Each structure stands twice: as C-alpha cells, then as structure tokens.
Amino acid sequence: MARSPALAADPSTDAAAVLRRLGFALLLFAIPMAALLTRRAVVVLAPLAVALLVLAAFIDGGSRNPRDKLLAVLWSPGGLSGILLLLWIALSLIWTPFVDEASERLLNIASMSLLGLAGYLALPDRMRSANLYILPVGVGLTALLGMLIAYEGDLGFDPDGQSLERGMIVLALLVWPAISWLHSRGRNLEAFLVAILVALGALMAEQTLALQGLAVGAIAFAVTAIAPRAGARLMAGIMAGLLLFAPLLPFVLKPIVAALTGLDSPLLASLDVWRHVVTTEPLRLITGHGLETALRGRFFNLLSVDAPYTILFEIWYELGLVGAIAGAVLVYSTVMKSREQRPVLEPGIMAAFATAYAFGCFGIGTAQIWWFTALVVVVLIFVAIERGQFRTTRPKATLHRTR
C-alpha cells in the first residue's frame, strides 16, 4: 500500500526550508529595502539572517563537510593574510592612544569575520533558484523606493538623510550579484532593467558617492567581460598596487591636482598633509600609529583635519607597512581566487570588488560596522549564487517509442 505524500514528508526538512527561505528573504530583500529607511538596518538584519541559515543547516544538514570548508578558507593565501592582518591590528592596540575605541573597532571586525564564516559554512551546497530570484526583485524595488525618496525628500524616515546615502551605497554593491544571477539564468533584459533602475536611483540621490562607485564597477564589469583572465588580473594588480604603494600617491598626484584644481583646492590640502606625514615620520610608516588614530586623531590635534578620508591613507597611517602588505596580499589573493568561479559570474564579481574598493578610496567610513556588514552580505550572496549554478539549462524532453 502506497504511503500518503503528507505522511512521507519530513517535517524537519520542511522546517529547514522555511527557515532558509526566511533567511534569504531578510538577506536579499529586507536588507536593501530597510537600508534606505533606517541607518541600523544592515547591522540588525544581517546577523538575524545568518542565524536562520545556520539553524536551517543544523536541522537538515544542507551544508556538508563544514570542517573541510573552514580549513580550506583559513589555509588559503587570503585566509592566512587575513589572520595576519587581524593579529597585527590586535598588536597595534599596544601603541594606539585610543585603546578603548580601538578595542571596540577590533571586536566589530572580528565579529563580522566570524559572521561571514558562519554564513559561508551554513549555505547549502546547492541553492534553489526560487531563493535567489528574491535578490533582483529586492534590488529593483529598492531602487524604485530610492528614487521616490530622492524625489519627495526624506518622507519623514530619516531627517538627516544619511540612511538614503547608506542605502544607495548598499544598493550599489548588491546590484552586481543581482545582475550576475539574472545573466547566469539567461535573463539579460531583466538584468539590464535592474541596472538602469539602480543607476537612475543613484543619479537622483543628492550624494554622488553611489554613482561614482557604480561607474567604477561598470568599467570593471566591461573590462572583465571583454577579457576575463586579463581583466581579473588587472583588477587585482590595481587594487593591491594602490594599497601597497599608497605613500607615493601624494608626491605623484600633487602636481596633477594643482594643475587641474588650483592651489586652493581641499584635495590639494589633503595631499599636502599626506606628504607631511610621509616625510616627517618615516619610522611610523613601518608600525603605523595604531588602530583608530586616523579618525580620532583629528579631534585631538594629533592629525590635521585636512588629512584625506581614504582607506589608502588610513591603513598606512594606522597599521603601517605590515598592515599594508597583509591587506594587499589579502586583496590580490581574494580577487585572483574568484577566477576559479564560473566564468559567467566573473564580471559581476570583479565589478563588486571594484565598487567596494572605490568606495573605500573615495572616503566612505570603512571603520563603521555597517560597512563591514554590507561587505559580508555581498560575499555571502555571491557564494549562494555560485552554488545555484549546478544546472543552468533545463533538460530537454525526449519521446521514447515503445515497440
């Protein structure tokens, strides 16, 4: 006697599927939407989404061999350089003048790293397409909401307008995995429409930072799409090279900036401060001044208020040569490792790398916890998309004739 389908179903598997769907709804839909309305949305929703994914993995065992995956990440060149960078950051607490603030920042970085590892290990080996299609829907609707807020004003959600700027920055990061997923499924028209919506939202926003990051990402996308292997190597070399040789930038850029903007421009003043730091404190280029000194030093007259707000300056000023080398190796190895993913995803991955790196160079507050959380979310989404590529074409129906 055949069993009823209802009796044959596994309640634990169904519960895990519901939890996983809810986790991805938070990760792919709620986070970009809520980021436009409240400043703490990413920080609050991302850990909740990862917790649901971890719980689902414990219930149905969707993620296999987590220990082997964890060891592969930790023993990779990027993992080892990341561990070295964290250890050097912790060691810099000895000579930083802001121990309490630096300790809190280190705790935030470590917690976000652990959150990313937990989410990576909790993702199933094979992703359902229905879960991933939530992403382009969320990104498209968020872009429409962003245009509405930019047109009507703050709408009473955030009087200072910072949530709109943060939301557009998060949207500029999430648009690349959304485009990559649609492109991998052959939905190029939908991918183009999502890109246009996000570009229009960034164009209508009062702040131009999101639009600038999108432009850099679009260039990286085009270059990698035309020449995948050369494009990835070029992106990795540029990002790692800029970080490694950042102390030379104020000397190279000063005559160019002076000729283009004049002698009274704020950019030229920041380059002068950068040159002064390099020439007057050469020994500090090795150890750095310690974590949190680039930001806090401005308020205690330890650093000029005209100092540049860019990750290239902040890493060298706080962590010195050791931190810059570890960061450069981390960036280069991570970008090059992404070439092992499916070729259809590579342009979108390079575009996301370039956009995030451009935001750091253009002066976004990279020390803030919401920024680390947003990067973790983008990485987890790309991992999920890669695991959703196990079947990219539908099987053809065949007619079997019986004799």
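Does any residue of the range 289-301 turn out to be hydroxyl-bearing (Ser, Thr, Tyr), crowded, with 20+ Cβ neighbours inside 10 Å and in contact (Cβ under 8 Å) with a residue 40 or more places away in the chain?
Yes, there is a match, as at least one residue in the range 289-301 is hydroxyl-bearing (Ser, Thr, Tyr), crowded, with 20+ Cβ neighbours inside 10 Å and in contact (Cβ under 8 Å) with a residue 40 or more places away in the chain.
Report whether or not LEU148 is within 28 Å of ASN131 (Cβ to Cβ), at pLDDT 90 or above and part of a helix (DSSP H, G or I).
no
Quick check: is even one residue across the range 231-251 among the basic types (Lys, Arg) and assigned to a helix (DSSP H, G or I)?
Yes.
Tell me, please, whether a residue that is under 19 Å from PHE382 (Cβ atoms), touching a residue at least 12 places away in the same chain (Cβ under 8 Å) and touching a Gly at 6+ places or on another chain (Cβ under 7 Å) can be found in the range 191-198.
For the range 191-198, residues under 19 Å from PHE382 (Cβ atoms), touching a residue at least 12 places away in the same chain (Cβ under 8 Å) and touching a Gly at 6+ places or on another chain (Cβ under 7 Å): present.
Return yes or no: is THR373 touching a helix residue (DSSP H, G or I) at 6+ places or on another chain (Cβ under 6 Å), modelled with pLDDT under 90 and either crowded, with 16+ Cβ neighbours inside 10 Å or among the small types (Gly, Ala, Ser) (or both)?
no
From the list LEU285, LEU248, LEU234, which one is surrounded by fewer than 20 Cβ atoms within 10 Å (Cβ to Cβ) and more than 29 Å from TRP95 (Cβ to Cβ)?
Going through LEU285, LEU248, LEU234 in turn, the sole match is LEU234.
Please pick out the residue among ILE89, ILE94, ILE83, ILE31 that is under 30 Å from GLY146 (Cβ atoms) and of a type in the set (A, V, I, L, M).
Residue meeting the stated conditions: ILE31.
GLY116 passes all but one of (1) closer than 30 Å to LEU244 by Cα; (2) out of contact with any helix residue (DSSP H, G or I) (no Cβ under 6 Å at 6 or more places or on another chain); which number fails?
Failed condition: (2).
Could you give every pair whose Cβ atoms fall below 9 Å, whose first residue belongs to the range 223-243 and is farther than 11 Å from PRO343 by Cα, and whose second residue is assigned to a loop (DSSP other than H, G, I, E, B), counting only separations of at least 6 or pairs across chains?
As it stands, the answer is LEU234/ALA227, since those pairs meet every condition given.
Any chance you could count how many residues in the range 251-261 are loosely packed, with under 13 Cβ neighbours inside 10 Å and hydrophobic (A, V, I, L, M, F, W, C)?
4
Which one of these does ILE226 not meet: (1) modelled with pLDDT of 90 or more; (2) surrounded by 13 or more Cβ atoms within 10 Å (Cβ to Cβ)?
Answer for ILE226: the failing condition is (2).
Could you say whether any residue in the range 150-171 is under 25 Å from LYS337 (Cβ atoms) and not aliphatic (A, V, I, L, M)?
no
Please give the helices (runs of 4 or more DSSP H) falling wholly within the range 292-368 in which 2 or more residues are within 20 Å of GLU104 (Cβ to Cβ) and touching a helix residue (DSSP H, G or I) at 6+ places or on another chain (Cβ under 6 Å).
Filter on the range 292-368 gives 293-296, 311-337.
Would you point out the residue of the range 263-272, among those that are assigned to a helix (DSSP H, G or I) and more than 29 Å from the chain's Cα centre (by Cα), that is surrounded by the fewest Cβ atoms within 10 Å (Cβ to Cβ)?
That would be ASP272.
The values are calculated or read from the model by the stated rules, or taken from the named source; none is laboratory data. Model, not experiment: these values are computed from the prediction. In this analysis, Cβ positions are derived from the backbone assuming ideal geometry, glycine residues included, and neighbour counts consider all displayed protein chains.
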